[in-house]
1. Which trypsin sites (Lys or Arg not before Pro) in the range 39-132 pass both tests, a DSSP loop state and at most 16 other beta-carbon atoms within 10 Å?
2. Loop-only trypsin sites (Lys or Arg not before Pro) in the range 269-370, please: DSSP not H, G, I, E or B, and at most 14 other Cβ atoms within 10 Å.
3. Are there chymotrypsin sites (Phe, Trp or Tyr not before Pro) in the range 37-122 that DSSP marks as loop and that have at most 13 other Cβ atoms within 10 Å, and which are they?
4. Choose one of LEU209, TRP36, LEU447: the residue whose Cα lies farthest towards the positive end of the charge dipole of the chain (beta-carbon charges +1 Lys, Arg; -1 Asp, Glu; about the Cα centre).
5. Could you tell me what percent of the accessible area of the chain is made up of carbon and sulfur, with a 1.4 Å probe and every protein chain present?
6. Note down the magnitude of the dipole of the range 162-256 about its Cα centre, charges +1 on Lys and Arg C-beta and -1 on Asp and Glu C-beta and zero elsewhere, to the nearest 20 debye.
7. When the helices in the chain are scored as -39500 (n - 2.57) per DSSP H run of 4 or longer and the sum is shared across all residues, what 222 nm value do you end up with, to the nearest 500 deg cm²/dmol?
8. For the chain, report the accessible area per residue in Å² (1.4 Å probe, heavy atoms, rounded to an integer).
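The values are calculated or read from the model by the stated rules, or taken from the named source; none is laboratory data. These numbers come from a predicted model, not from an experiment. Ideal geometry is used to build each Cβ from the backbone, glycine not excepted, and the neighbour counts take in all protein chains shown. With ligands, DNA and RNA removed, areas are computed over all heavy atoms of the protein, side chains included. Shrake-Rupley method; radii C 1.70, N 1.55, O 1.52, S 1.80 Å.
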Amino acid sequence: MSCKSINDIPDITIVSGSQPCQPNSLRSIRKSAPSWIEYTIAVPTKHGVNWQWQPIPNGLNHWFSNAITKTKQTEKCWILDKKEKEKFLSFINDKWRTPTALKGKYLIRKDVLFNYFNKMAQCDPNLPTPAKAVLLGVNKLHHFSALNYQRRDSEQIRYDIFKAQTHYLDRLRQAITEPALITLLSAPKPITHTESQIIHYTAKQQDYLCTPGRIPSLHYDVSTALRTYNQAPPIYLGSLRQVKVDSVRRFFHELHLQGQKLEQSKHTQETLRELYNFRVFELALLFIVLTSTRPTHEITFLKEYCFDNHSVIVFDKGRYRSIWLCEYFRHALSRYEFLQQNLRRHTSTTFDTPLMWFLVDNQLTVKPLSAKTLRQFMAKWWAKANSGDIAVPYQLRHFFAQHALTSSSPTLTSQDIDRLMGHANWGEQLGSDMLFPVAQNKLTSFLNKIPEFLNLPKIEGVHHG
């Protein structure tokens, strides 16, 4: 518990819907009944902390709404004086006595209760990483770099947090069914002082809370005669290197067209080598976008670490980890291997190298594919497909992470995405983790659907050389 002195207890300010968002504030949205209370939450951005309004979860709104809207001189009533803060500090820090109704039941420490939302958010597999970054802070994420690969706007994050916190409260509400326990979690309402359950689900919600996937931030416009709520523009949190899906589709389509131009029924050694090197670049880029593997200095893997073209082991950031190859990539790899065999036959060269794919120079010498040459290749064809835009191979990894975040068939948990991306702080590398068949099938299903999502052309079975 971080509250150690009265200086740690902030003064709560009640503001109107026309005022800007500011720390330690509450406001009421009154578009329709019942009124809905919103609190301020800090959103970390590249320019620093941005304060945003967050709807209070369904389960607590009924109490806060009643307390704010039916209390006279609300602004003054919600500010504690020194004695009140000392009393509150004593309440949360002094030892609690076990109520008679809880005798013989399983008890937890009170600091666990105080941090219930944070603990639930940290282990919630369905809460996206950007929302976890807002609730927990970037330093408490499963991997400190995970947020850099995913992007979500404030309306989506607001919905994610509202949905998650409502679920956490509902979990408690359903567990408290005994009358004695209900009494312990009740508090008197203002003015009437009648006892009311603190956690109470409200069946009817404001309309702006009911759009799946998004909750807009509303600003009360008092400059017009209508006095209406206007929707404020969202801000973005997360990756700054996202590429548009259509841009990725156009890029690989352009590569497909160029590959068709280079394909011939009969080849000279020069034209065959040109086609071969082109397929090497194409295969490396497919490898990144279909597996999320980091584009390191050699954009390939070792033959001895490839298992029946279904899975491979890569050495990634000082650790070995396994990745899975989707069916489309296996076909692309088979096309490349067939082309390599033709080049060997035409040139009588063995190409003795442990690398799975590699470039061949004019002297028919093996030349490992480097990150620099791959960037140059991608820059040329990306600009041609996307009217002069610029992109680098690492942005395909960012695309993979964003697509995994928004995938609905199948829906991936934050742990699934971290596993596919190779994000691990706690030893989930090769030999330290295990996937059950159900989890494995879900990840494989996701990987196999990426080519269809990108409209990648079918790889035909006949290859000429």
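1. Of the trypsin sites (Lys or Arg not before Pro), the ones in loops of the range 39-132 whose Cβ has at most 16 other Cβ atoms within 10 Å are LYS46, LYS70, LYS72, LYS95, ARG97, LYS103, LYS105, ARG109.
2. Answer by residue number: LYS317.
3. Here the chymotrypsin sites (Phe, Trp or Tyr not before Pro) that fit, given the DSSP loop and packing criteria, are TRP96, TYR106.
4. After comparing all options, I get TRP36.
5. 54
6. That gives a dipole near 280 debye.
7. Rounded to the nearest 500, the figure is -13000 deg cm²/dmol.
8. With the other protein chains kept in place, the chain gives 54 Å² per residue.
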